[in-house]
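S.K.: Just passing along the structure, written as structure tokens.
The values are calculated or read from the model by the stated rules, or taken from the named source; none is laboratory data. The structure presented is a predicted model; accordingly, all values stated were derived computationally and were not measured. Glycine gets a Cβ as well: all are built from the backbone with ideal geometry, and neighbour counts include every protein chain shown. When the accessible area is computed, the model is the full protein with side chains, heavy atoms only, and any ligands, DNA or RNA have been set aside. Shrake-Rupley method; radii C 1.70, N 1.55, O 1.52, S 1.80 Å.
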4 protein chains.
Amino acid sequence: MRIGMLTSGGDAPGLNAVIRGAVLTGTTVHTHEFVGFKDGWKGLVENDTLPLSRHEVKGISKQGGTILGTSRTNPFEGRGGVDRINEVMAENGLDALIAIGGEGTLAAAKRLTDAGVKIVGVPKTVDNDLDATDYTFGFDTAVGIATEAMDRLRTTGDAHNRCMVAEVMGRHVGWIALHSGMAAGAHAILIPEQKTTLDQVAEWVQSAYDRGRAPLVVVAEGFTLPEDDEPHSERGLDAFGRPRLGGIGERIAPLIEERTGIETRATTLGHIQRGGTPSAFDRVLATRLGMASISAVNEQHWGRMVALRGTEIVHVPFAEALGKLKTVPQSRYDEAALLFG
Amino acid sequence: MRIGMLTSGGDAPGLNAVIRGAVLTGTTVHTHEFVGFKDGWKGLVENDTLPLSRHEVKGISKQGGTILGTSRTNPFEGRGGVDRINEVMAENGLDALIAIGGEGTLAAAKRLTDAGVKIVGVPKTVDNDLDATDYTFGFDTAVGIATEAMDRLRTTGDAHNRCMVAEVMGRHVGWIALHSGMAAGAHAILIPEQKTTLDQVAEWVQSAYDRGRAPLVVVAEGFTLPEDDEPHSERGLDAFGRPRLGGIGERIAPLIEERTGIETRATTLGHIQRGGTPSAFDRVLATRLGMASISAVNEQHWGRMVALRGTEIVHVPFAEALGKLKTVPQSRYDEAALLFG
Amino acid sequence: MRIGMLTSGGDAPGLNAVIRGAVLTGTTVHTHEFVGFKDGWKGLVENDTLPLSRHEVKGISKQGGTILGTSRTNPFEGRGGVDRINEVMAENGLDALIAIGGEGTLAAAKRLTDAGVKIVGVPKTVDNDLDATDYTFGFDTAVGIATEAMDRLRTTGDAHNRCMVAEVMGRHVGWIALHSGMAAGAHAILIPEQKTTLDQVAEWVQSAYDRGRAPLVVVAEGFTLPEDDEPHSERGLDAFGRPRLGGIGERIAPLIEERTGIETRATTLGHIQRGGTPSAFDRVLATRLGMASISAVNEQHWGRMVALRGTEIVHVPFAEALGKLKTVPQSRYDEAALLFG
Amino acid sequence: MRIGMLTSGGDAPGLNAVIRGAVLTGTTVHTHEFVGFKDGWKGLVENDTLPLSRHEVKGISKQGGTILGTSRTNPFEGRGGVDRINEVMAENGLDALIAIGGEGTLAAAKRLTDAGVKIVGVPKTVDNDLDATDYTFGFDTAVGIATEAMDRLRTTGDAHNRCMVAEVMGRHVGWIALHSGMAAGAHAILIPEQKTTLDQVAEWVQSAYDRGRAPLVVVAEGFTLPEDDEPHSERGLDAFGRPRLGGIGERIAPLIEERTGIETRATTLGHIQRGGTPSAFDRVLATRLGMASISAVNEQHWGRMVALRGTEIVHVPFAEALGKLKTVPQSRYDEAALLFG
């Protein structure tokens, strides 16, 4: 078989391990050939291809990024659409497509599957917000980087008796904040799923401070304070109509300082959480997912994505994977919150 | 309640996070008090205690080792036994005991439970060889350290066109070898569960070499070559009756070199795999297990240990956890082996 | 002798190694006793002391922060002054004082020396901006953290064909930017010492992009664009009179994107650069400086600080160390700039 | 000019940064062209070349190993010799040669210079044993890896009340042992330059143990005990005439245990010390040395090598650099030894 492959959406550590796992399995165990599409759906729509043989995947599993490039292009916009995609697949003699991406990519893949395109998916989200899989690759690396950063912040907090605020990724869900916060021993974890008032945050901070600790607050980028604590007008544009710089971490730090009188500093970890060498956990997971994507192709499991359940890799229909954002359940938040303050 | 706590057996990254998770939950959510026993069962038998309050567990989840100390003492030997343990528990006014340890510890805990002692267990094995839990804490850290070491070895192998052999932990099972080998892109993984001949190893090594790669061989310390490839007489004592220095890694390297003609060097990672700062994954897992051990105590789930299943922490009877070494299943080995050579 | 010790100013990895080096040398080689002052000059002025024996410094050289605490208090303000300091030293029976701190601390120490107080200094500045020493501890750790972060940013830049901007520490000098930028292979390094126009930055960025690279721009926090490229009014307060959030990194990224059309993202590394485990280099340097501070005390080298010259530790009069900010010399910048674009 | 380049001798982190620094400077600042020789002098003698343009050095400064390959071939043996080297240089139209290597490489380079070949050298030794330069690249990385490994060993030592022995590189000199031991807070550092008896080692170990510490002993691979403590017959071959496996670390551990009664475990760090991503320090140093090698070529400084003095890069005649092994001076050892026991 000839198989097309693309990576789409935001960068995630482990993408290259998926690609390598699939290509090695496909070419050495089976006799498949591969064609890479450059920069996600964009390359597919524009028929912009890259060679993808055993040679290209040599030693890449420990590299961050993706050798195929990625973008946030929607395959149904512009020149795209089912006909164009069928055309490009035909031109390249492709029997199947492996799409590696997040919610948006998988939704597009489902729509293409419904139109008869033979696609298998590999879920990718650093945020770990896909419901059909226990974990997604990239998440463990992100949590590890965030935790190490917080370990560093704490020593400075201790030296200065300061409250340190760390803003981590998580626009819609708080998984990275929950895990890194628990790993680093945070005194407050603020996530989009949980409404938390500034009073409550201040209480946790004060309580830790009163016990002689330098308080550590972890906040997911998607967390918002109640309107009473931070009016919406303060969040968006500045008085010149320019987008205000600085995220929730930088905005909440002075509010905590004001409320508690404790000197407070914010750090926004940003893009360092999603780049660089993947953790061993993510390399193993991503390699197995890549290998399993070939099984799915071999078994003609079109319209399914590979997923981790416990310690096993399974094939799951796209429909099951979509539409349900995997949020942090109340029980997991409550568990973590027992250690706050 | 007053709860005794001990850590027993080999060191594992995450022990302190378990202790902290249990003590924080027990003292701040509930009103339990804790008594630590020094150096495992030894401290219990000898009534050698350590204070164990919120103060002692401050900031320890990122520290390797165990603040309680550990040893391999058997609680039924010497002065030990059920009566002595009941006596010490009574002297300390203890209502329950939390024992953190591996197969041996849990077997002893089961025997004590059967004799009426109120015990809850927390499984600990860097080797990940306990059947009743998806993963044990310490394993992820060990795999991460081994993988990073192999990443380093590879660049030297590449520079010199050498075969590099890395010996990792795993006396009875090959989990660390399997995961670190897969993460590092090894060309051969040798584990106790799989009989592999020197011919086969040489073939994998040669095949990688012929493709221009510097072959990487990962071998678990408990792997043995067939008698024909390395007579037993060469493994144990030297001609002076002294134990021979060097493990399987150092022994197999010259055999590979002899067979293939490719310069081969061995590195034994040894104790660095089980010490130091735990990974974020292990800190979260260990913290959750420690917290769950308090739930088990609260629910009087004597004779059970806490365990990870998927993403949930559950309580499992000791009997279920014991006697079945969790070996690497054939399917997982075959999966990894697809990428060899 | 009885020796007082304090750490003052911003946190720097290695402070604890200095303290340990001094206390171990003082107590085990000689028969000195130590008194720690809490939170820098504040503790000295307020006679707020901490015990400081061999026990307290056990295993601390690998810990970030300072066990003595630190603050930016000026010893001549408020209740402070020479008389008060002499009084507190007398009350504690002190024969000498070791002050560990930056430019401000050493200036205060010089003033006290001139007034007859027996002081030895240990220079501390993560920014490496002290003229009398080849390197200061903390700098190597900061450069290492920044470099590792940039390694991560680059993979994301590559995956997305983006320009990545990394803002690093360096209010007045560009040493951290210079070294981390050179280590990470940056395509532009912007430092306070060098006036660089937006046109020039855009040219470097475009040149790297045109060669298929994802441009990496490293900017020291103290860098400013010429007035024409970013009017001063845009830098300071927003229209509500609140300090604008976001530093030069966040401000320059949209300007680069606007000028080149290349998608550009900024990350501000912030406090993670100055906390956490010090590098081995910094631990060795800090330990040696701490030990040498005791030699200086023994030799009654009052009014001198310890410093690194080549591979040797020397004693340098405060006067020599002060007043001259060690900026990045033109030759070093030119050397780095050869690799830009 | 056309410049040949080769890397020779053992792997060292930073080799690729040297190559990149030289090639980028040579091709973008000047108009030089480069030819790489494969596997050191071997490639030169056999005229086995690799292309070496800006393209080949893209992003390599953070990679361990050397893209040119290396070997320990002597250019004067076999087909080699001055005539052959002149012949190959002529065939490739070369005006100069840059040789990156250790003592042996530089000695060969000197001999070639004396015979009229136009050579510039870049010193390389992980062991830091070259007299004419303050530090060599690779050393800082090795010390960092060894220190991190010891940090890990210590937690296991503490948990088990064990003495841990770490064997580090250093066949002839103890620089890595000295620096990593000081950074890790070792209780004994054993180096080739210093005769130390087993009694002395045991005393240091016992003293640390008696103070409640888990003793850490760092030993350079080239250290030997006095004949009385370990007869030479025990060091070399076993009774079958095979080389005995295991180095000084594995041999001294049971001797320490026997002498003190303290359980003792050895770890040999081995090849992980010389591979993998170079530290930021080494990348900067190596990049600067590579750049400076082009200045030396431009200035026709044949027969000189580039070297670090303080913070400056200088050109030093080969003769000055050779013949004098840079050993650990007594003063530096004594300084470190003040913290033992």
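S.K.: Can you name the residue in segment A:18-29 that is over 10 Å from residue A:3 (Cβ atoms) and of a type outside the set (Val, Ile, Thr) and is also nearest to the other protein chains (Cβ to nearest Cβ) among such residues?
M.R.: For segment A:18-29, the residue satisfying everything is A:24.
S.K.: So, one more: Of A:285, A:325, A:269, A:338, which residue is of a type in the set (A, V, I, L, M, F, W, C) and under 19 Å from residue C:270 (Cα atoms)?
M.R.: That would be A:269, the only listed residue that is of a type in the set (A, V, I, L, M, F, W, C) and under 19 Å from residue C:270 (Cα atoms).
S.K.: Considering only segment A:278-307, how many residues are within 8 Å of chain B (Cβ to nearest Cβ) and among the β-branched types (Val, Ile, Thr)?
M.R.: 2
S.K.: Filter segment A:319-341 down to the residues that are surrounded by 13 or more Cβ atoms within 10 Å (Cβ to Cβ) and within 30 Å of residue A:114 (Cβ to Cβ) and list them by number.
M.R.: Within segment A:319-341, A:319, A:320, A:321, A:322, A:325, A:326, A:327 qualify.
S.K.: Just name the residue that is nearest to the chain's Cα centre (by Cα) out of those in segment D:275-325 that are under 28 Å from residue C:128 (Cα atoms) and basic (Lys, Arg).
M.R.: That would be D:283.
S.K.: Just to be sure I understand the filter: pairs with C-beta atoms under 6 Å, separated by 6 or more residues or on different chains, first member in segment C:282-303 and under 28 Å from residue C:115 (Cβ atoms), second member of a type in the set (Asp, Glu) and part of a loop (DSSP other than H, G, I, E, B). Which pairs pass?
M.R.: Pairs found: none.
S.K.: For segment B:86-112, which residues satisfy the criterion of being surrounded by fewer than 19 Cβ atoms within 10 Å (Cβ to Cβ), more than 26 Å from the chain's Cα centre (by Cα) and either in a loop (DSSP other than H, G, I, E, B) or touching a residue at least 12 places away in the same chain (Cβ under 8 Å) (or both)?
M.R.: Within segment B:86-112, B:86, B:91, B:92, B:93, B:95 qualify.
S.K.: Looking only at segment D:258-266, decide whether some residue is touching a residue at least 24 places away in the same chain (Cβ under 8 Å), away from chain B (no Cβ under 12 Å) and touching a Phe, Trp or Tyr at 6+ places or on another chain (Cβ under 6 Å).
M.R.: yes
S.K.: Only one residue in D:7, D:27 is within 24 Å of residue D:282 (Cα to Cα) and more than 20 Å from the chain's Cα centre (by Cα). Which one?
M.R.: Unique residue meeting the criteria: D:27.
S.K.: Could you list, in sequence order, all residues of segment C:215-255 that are over 28 Å from the mean Cα position of the chain (by Cα) and at pLDDT 95 or above?
M.R.: C:254, C:255
S.K.: A further question follows. Among the strands (runs of 3 or more DSSP E) lying completely within segment A:255-318, list those that include at least 2 residues that are on the phi > 0 side of the Ramachandran plot and open to solvent by less than 10 Å² (accessible area, probe 1.4 Å).
M.R.: Counting at least 2 such residues, we get no strands (runs of 3 or more DSSP E) at all.
S.K.: Can you tell me how many residues within segment B:150-166 are over 28 Å from the mean Cα position of the chain (by Cα) and aliphatic (A, V, I, L, M)?
M.R.: So the answer is 1.
S.K.: Here's something else I'd like to know. With the requirement that a residue be β-branched (Val, Ile, Thr) and open to solvent by 10 Å² or more (accessible area, probe 1.4 Å), what does segment C:10-27 give you?
M.R.: The answer is C:27, and nothing else.
S.K.: I would also like to ask the following. Within segment C:199-212, identify whether any single residue is touching a Ser or Thr at 6+ places or on another chain (Cβ under 8 Å), of a type in the set (S, T, N, Q) and at pLDDT 95 or above, and answer yes or no.
M.R.: Taking every residue of segment C:199-212 in turn, at least one turns out to be touching a Ser or Thr at 6+ places or on another chain (Cβ under 8 Å), of a type in the set (S, T, N, Q) and at pLDDT 95 or above.
S.K.: Which condition number in (1) buried (at least 20 other Cβ atoms within 10 Å of the Cβ); (2) more than 13 Å from chain B (Cβ to nearest Cβ) is the one that residue D:43 fails?
M.R.: Here residue D:43 meets the rest and fails (2).
S.K.: Is there any pair linking a residue in segment A:126-150 that is at the interface with chain B (Cβ under 8 Å from one of its Cβ atoms) and within 17 Å of residue B:147 (Cβ to Cβ) to one that is open to solvent by 10 Å² or more (accessible area, probe 1.4 Å) and in a loop (DSSP other than H, G, I, E, B), with Cβ under 7 Å and at least six apart or on different chains, and which?
M.R.: A:140/A:279; A:144/A:279; A:144/B:279
Matching residues to (1) without any contact (Cβ under 8 Å) to a residue 60 or more places away in the chain; (2) touching a helix residue (DSSP H, G or I) at 6+ places or on another chain (Cβ under 8 Å); (3) away from every other protein chain (no Cβ under 14 Å):
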position: B:309; (1), (2), (3): no, no, no
position: B:319; (1), (2), (3): no, yes, yes
position: B:324; (1), (2), (3): no, no, yes
position: B:331; (1), (2), (3): yes, no, no
